[in-house]
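What follows is a single structure, written as structure tokens, with notes after it.
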Amino acid sequence: MTLLPMTDMLLKAKMEKYAVPQFNIINMEFTQAIVETSTEENSPVILGVGEPTIKYMGMDYVMAIAETAAKNSSVTISLHLDHGSSFEVVMQCIRAGFSSVMIDGSKYSFNENISLTKKVVEAAHSVGVSVEAELGTIGGTEDNIHVNEKEVVLPSAEEAIEFWNHTKVDALAVAVGTAHGMYKIEPNIQFDVISDISNTIPVPLVLHGGSGIPDQDIKRAIECGISKINVNTENQVAFSNAVRKIINSHDDIQDSRLFLRVGREAVKEMVRSKIRLFSSINKNDVSLQNI
Ligand code: 13P
């Protein structure tokens, strides 16, 4: 299968009230774990790639690994830039072959964010690439982005609706009280804002900071209109804990594949549990792959 934009898979998710998972990839093992498990569960999936990962792996490796994984899978897969910081980075990813991009203009004013996002939408749509944008500021730490609690801005439903009317993005990440990384206290999610936006405009909504949210809150967020949920930290923790455990208990390991394989299995189990929690199991739709 080739890499596809996420537009149709998210519209279907919104209609049928489940969420397509975005799992971030950082290397071959994560990519294999995510794509193999999504294929086993017959779930569409979005492979998120942040700018630090592009620097870490190199663009050619990102493309080669994602394309190889997609070629060997029967499910719909998007390769999506996570938190793209500029028009230039977005263009670099589109030229390399990403099928979807996020432009994160949340550090700019409302009007500047609209202008930047519109420019990205125009360029991306002209070559069939889908676009996600961010409104408000999501707290926590992700890769090289740190947002402390005082900097968190939660927009109103009216602002989100106005933003979408101007930009017509394919997916909208609105800050609604979640944060990147693990939570110290339970998140206070603005479910009413999610419902108000979702009931007013057709755009699928994205929940960032999907790690560590109680299961009942995830289910409620989907019920209110979330159609894509991003998970990274929980996969990283699962991988690191599994690798640490085997290395600590076998200090004679020399063949790295022994612990990489264990880490990969741990990510597979985490991915499986999220797919089932998000109800995207058996939601792959082959007709979306023929467009
Ligand atoms: P977590 O690392 O909290 O799961 O968030 C991931 C994310 O939102 C990626 O954009």
**Complete:** Within the stretch 84-116, the count of residues that are under 23 Å from N24 (Cβ atoms), out of contact with any His (no Cβ under 8 Å at 6 or more places or on another chain) and of a type in the set (S, T, Y) comes to 3
**Asked** When the residues of the stretch 215-240 are filtered to those that are open to solvent by 40 Å² or more (accessible area, probe 1.4 Å) and in contact with a helix residue (DSSP H, G or I) (Cβ under 7 Å, 6 or more places away or on another chain), which remaining residue is nearest to the ligand (Cβ to nearest atom)?
**Response** D215
**Request:** Test P52 against the stated conditions and say whether it is at pLDDT 95 or above and surrounded by fewer than 22 Cβ atoms within 10 Å (Cβ to Cβ).
**Result:** yes
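For every residue, the table says whether it meets (1) open to solvent by 60 Å² or more (accessible area, probe 1.4 Å); (2) out of contact with any helix residue (DSSP H, G or I) (no Cβ under 9 Å at 6 or more places or on another chain); (3) in a helix (DSSP H, G or I); (4) not charged (D, E, K, R).
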site	(1), (2), (3), (4)
I247	yes, no, yes, yes
Q254	yes, yes, no, yes
L260	no, no, yes, yes
G263	no, no, yes, yes
I275	no, no, yes, yes
S280	no, no, no, yes
**Asked** Among all residue pairs at least 6 apart or on different chains, which show Cβ distances below 6 Å where the first residue, located in the stretch 46-72, is touching a residue at least 24 places away in the same chain (Cβ under 8 Å) and within 12 Å of the ligand (Cβ to nearest atom) and the second is open to solvent by less than 50 Å² (accessible area, probe 1.4 Å) and in a helix (DSSP H, G or I)?
**Response** L47/A66; V49/V62
**Message:** Looking at the stretch 5-17, can you tell me whether even one residue there is closer than 16 Å to E67 by Cβ, away from the ligand (no atom under 16 Å from the Cβ) and outside any helix (DSSP H, G or I)?
**Reply:** yes
**Item:** Residue satisfying all of: in the stretch 130-169; more than 16 Å from the ligand (Cβ to nearest atom) and part of a loop (DSSP other than H, G, I, E, B); farthest from R95 (Cα to Cα) among these
**Value:** S156
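The values are calculated or read from the model by the stated rules, or taken from the named source; none is laboratory data. Since we're looking at a predicted model, the values are computed, not measured. For neighbour counting, all protein chains shown are included, and Cβ atoms are generated from backbone atoms with ideal geometry for every residue, glycine included. Areas reflect the complete protein model, heavy atoms only, side chains present, ligands, DNA and RNA absent. Shrake-Rupley method; radii C 1.70, N 1.55, O 1.52, S 1.80 Å.
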